Amino acid sequence: MCNKLKKRQIINNISDRLEIPRDVIGNEARITMTGRGVVFIEGFLGIFQYDEKKTVVRVPKGMVAISGEGILISGITEEFIELKGDIKTIEFM
């Protein structure tokens, strides 16, 4: 556990000093929401649950649940997933 904490501190220190976003250096997902209708997740690892009311995706530090109405996958690659619909909540699990 100590090694993970030390590694995280080193990554944060390097990121801050070089002014590089932590998602670029570390093992982090980047989540971008446009309005209430589009969620773009870079660095996702897979889909855990998917239906029109709730989608749960795996990210490096756990899971992210997107809930709402009419949620659909509008784009997906190995590196990102884009969801569209009437987004009500984003929950980090």
remark   = If we keep only residues of the range 66-83 that are crowded, with 17+ Cβ neighbours inside 10 Å and closer than 14 Å to F40 by Cα, then the residue farthest from the chain's Cα centre (by Cα) is I71
query = Somewhere in the range 7-21, is a residue open to solvent by 60 Å² or more (accessible area, probe 1.4 Å), among the polar types (S, T, N, Q), at pLDDT 70 or above and not in a helix (DSSP H, G or I)?
reply = no
query = If you take the residues of the range 37-65 that are modelled with pLDDT under 95 and not in a strand (DSSP E or B), which of them is most open to solvent (accessible area, probe 1.4 Å)?
reply = K61
key: Subset of the range 84-93 (residues that are open to solvent by 20 Å² or more (accessible area, probe 1.4 Å) and in a strand (DSSP E or B))   = K84, G85, D86, K88, T89, I90, E91, F92
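The values are calculated or read from the model by the stated rules, or taken from the named source; none is laboratory data. Since the structure is predicted, the reported quantities are computational estimates derived from the model, not experimental observations. As a convention, Cβ positions derive from the backbone with ideal geometry for all residues, glycine included, and neighbour counts pool all protein chains shown. In case anyone asks, the SASA skips ligands and DNA or RNA and just uses the protein heavy atoms, side chains included. Shrake-Rupley method; radii C 1.70, N 1.55, O 1.52, S 1.80 Å.
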